[in-house]
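The values are calculated or read from the model by the stated rules, or taken from the named source; none is laboratory data. Small disclaimer: the values here were computed from a predicted structure and weren't measured. With ideal geometry, Cβ positions are generated from the backbone for all residues, glycine too; neighbour counts draw on all protein chains shown.
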Amino acid sequence: MSLPVLSTLKKLEIYHSVIGSLRTLLDVVWSCRQLTHLTLSQVIFADEISIYHSKKTLQRWRNLVRDGKACGKLTHLSVYATAFSAHHDMIVGALFGSAVTTVNTTVKANSHDIVKSLNPIPFLYRSFPELRSIYLRASWPGIDPRASSRCSLLELLLKSLAHPEVVQYVTLINLASGRGHSKRYSAIPAREWLSLILPAGESGDSPLQSILPSLRELRIVFSAIPVDLDAFYEGICTVIPSISDLITVLLADHEELYCDS
């Protein structure tokens, strides 16, 4: 379905909305031929079955995007708390074209063993070949950061990217949500956060600098989470020395994290 009335729209933002189906949303987005910025936040679908699409269906939709040149100008994409697929191995990012250079998105734990429970981030998985900047907001609601983990947040991100070699800017924003969490997190030492956010070390054969050769800055932000920044940065220099000079660690107010990027 084409909607010509939307053909000249350059910026589209949809918040807290219920839309008939995933395909209805895609028809709206694909009709915006001049679209450069798209934000989707807390969008749910009335037809819940629509996110249980098959790989064959998804491939057909991706072909529609490619052949119809939909989203050809879309460069900035922000997606918060919106699921496009019920399957972790589905390549859904390609539904928004291949021109995207900046992505804002979220990841949330669903068990006490936070990183073990996470598959590659579906929205990023094997998509966006031109991606240069990533803003990943990690929410830690009611989760004990001292739980054991096999994969850090940065490793999870690298596992999800199709072309990490072209990425220039990565921002990992750590959010403590819910009442009382900030106070409880204040007792957790910097080394515990370090193990959750960054790899435990680098391989001599493939240091992070070789995996992210174009990286200009890795920014780690803590919101409502008290952290000893000096101790955290000292740990960075120990575990990932190849890119330690490219890392910035910050404390920020929650309100500061939702500015237009």
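Data for the structure
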read-out: All positions within segment 58-82 that are touching a Phe, Trp or Tyr at 6+ places or on another chain (Cβ under 9 Å) and either polar (S, T, N, Q) or assigned to a loop (DSSP other than H, G, I, E, B) (or both); value: Ala70, Cys71, Leu74, Ser78, Thr82
read-out: Some residue of segment 176-189 being modelled with pLDDT of 85 or more and assigned to a helix (DSSP H, G or I); value: no
read-out: Failed item, numbered, when Thr106 is tested on (1) modelled with pLDDT of 90 or more; (2) outside any loop (DSSP other than H, G, I, E, B); (3) not charged (D, E, K, R); value: (1)
read-out: Residue under evaluation Ile44, criteria (1) touching a Lys or Arg at 6+ places or on another chain (Cβ under 9 Å); (2) part of a strand (DSSP E or B), criterion not met; value: (1)
read-out: Inter-residue pairs, beta-carbon under 6 Å, first within 14 Å of Val18 (Cα to Cα) and in segment 44-55, second part of a helix (DSSP H, G or I), 6+ apart; value: Phe45/Leu22; Ser50/Leu22; Ile51/Leu22
read-out: Residue satisfying all of: in segment 72-89; more than 21 Å from Gly20 (Cα to Cα) and hydrophobic (A, V, I, L, M, F, W, C); surrounded by the fewest Cβ atoms within 10 Å (Cβ to Cβ) among these; value: Leu74
read-out: Residue within segment 123-138 that is among the β-branched types (Val, Ile, Thr), buried (at least 17 other Cβ atoms within 10 Å of the Cβ), at pLDDT 60 or above and in the same structural domain as Leu250 (by TED's automatic domain parsing) present; value: yes
